[in-house]
Amino acid sequence: MARRPAKAGGTIVRSGGVALGEAVFRSLCEALQAGSYRAGDRLREEEVAQRLKVSRTPVREALGRLAARGFVEPAAGRGLIVRNLDISEVLELYAMREIMEGAAARLAAEHASATEIEALGDIEQAFVEASATDAAEMARLNRAFHEAICRAARNRYLDNASRELQDWIALLGPTTFTVAGRPSTSHDEHQTIIEAIAARDGDKAEQLARAHIREALRCRLKLLQKQ
């Protein structure tokens, strides 16, 4: 049975001429990334419209886009449910993530400014300070860390593809930082990646980033075994 979705989002605020359907779509994607919607949660058109204080037409458009991307599927009865990825999809997702994160780290070693490298250190420091108590905050900072590397890579196509990959990762449920020991090992891995980027060593940065994602996959599989 699908779980009741947590309340997410609020009144849609548009800026820069963004169409209402696009604004609703972005809001739902952000809710997925924030964990407000989990695999198995039901999305009903009328409920989303009421929550975001918009008409049902832009919600229908946004849900159609989510379905086209494979994030949601028809539920028994009315509405849609957030998809639950099977193990083969998880493995494929992390295989692609390893390739893309490795490429981003290599390119960041070539293009990152001193300010961007310093910012990576600042994000990592915040990660360390959060790691003792708040897995959700660690997950948010981890996303910020990887997004910062991707921006420093100076490749808009890689950046766009990485953002879409993050939407898929959001479907996987609990963060791997709930696995015992993962916060500290992740910090060590992040730190060596920063050092390789600062040293302008693209080969090493890519190798370290790929190893980092392989370790993340190992932890993800541990979580899946418990479900």
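Look at the alpha carbon pairs under 8 Å that are at least 6 residues apart: their mean separation over the length of the chain gives a relative contact order of 23 percent. Cross-link partners of Lys204 among aspartates and glutamates, defined as those whose alpha carbon lies under 16 angstrom from its own and excluding same-chain residues fewer than eight positions apart: Glu98, Glu101, Glu110, Asp188, Glu189, Glu195.
Between Ala19 and Gln50, what FRET efficiency follows from the Cβ-Cβ distance if R0 is 25 Å, with the result rounded to 0.05? For Ala19 and Gln50, the calculated efficiency is 0.80.
The residues of the chain expose on average 52 square angstrom of accessible surface per residue, using a 1.4 Å probe on protein heavy atoms. Amide H contacts of Arg83: Gly40, Val72, Glu73, each under 5 Å away and 5 or more positions distant or on a separate chain (H built 1.01 Å from N in the peptide plane; Pro and chain starts excluded). Taking a ≥ b ≥ c as the square roots of the eigenvalues of the alpha-carbon gyration tensor, the range 116-227 is classed prolate because a/c is 1.5 or more and a/b outweighs b/c.
What does the net charge come to around Ala130 if you take all other residues with beta carbon closer than 12 Å to its beta carbon, with K and R at +1 and D and E at -1?
On the way: positive: Arg140; negative: Glu124, Glu129, Asp134, Glu137.
After counting each charged neighbour, the total is -3.
Taking the C-alpha atoms only, the angle from helix 156-169 to the longest principal axis of the chain is near 60 degrees. Three principal axis extents of the range 142-188 based on alpha-carbon atoms, in descending order, are 35, 25, 10 Å.
Only the Cβ atoms of Lys and Arg (+1) and of Asp and Glu (-1) were treated as charged; on that basis the dipole of the range 20-82 about its Cα centre amounts to roughly 60 debye. Thr57 sits with roughly 90 Å² accessible to a 1.4 Å probe, with DNA, RNA and ligands left out of the calculation.
Roughly speaking, to the nearest percent, how much of the chain's 1.4 Å accessible area is carbon and sulfur?
Working: 5980 of 11750 Å².
Using a 1.4 Å probe with all protein chains present, the chain comes out at 51 percent carbon and sulfur.
Annotation: aspartates and glutamates with alpha-carbon distance below 17 angstrom to Lys226 (same-chain offsets under eight excluded): Asp86. On a 0 to 90° scale, report how tilted helix 87-111 is relative to the longest principal axis of the chain, with both axes built from alpha carbons and the result rounded to the nearest 10. Here the helix axis deviates by roughly 50 degrees.
Values [x] 15.3; [y] 16.4; [z] 12.9 are given for comparison; mean projected area of the Cα convex hull in nm², derived from the coordinates here, is the one labelled [z].
Taking the C-alpha atoms only, the angle from helix 20-33 to the longest principal axis of the chain is near 60 degrees. In this calculation the C-beta distance from Ala136 to Glu116 is compared with R0 = 30 Å, giving a FRET efficiency of 0.75.
The values are calculated or read from the model by the stated rules, or taken from the named source; none is laboratory data. Quick caveat, the model's predicted, so the values are computed rather than measured. Heads up, the Cβs are rebuilt from the backbone with ideal geometry, glycines too, and the neighbour counts pull from every protein chain shown. Ligands, DNA and RNA are stripped out before the accessible areas are found, and what is left, the full protein with its side chains, is counted by its heavy atoms. Shrake-Rupley method; radii C 1.70, N 1.55, O 1.52, S 1.80 Å.
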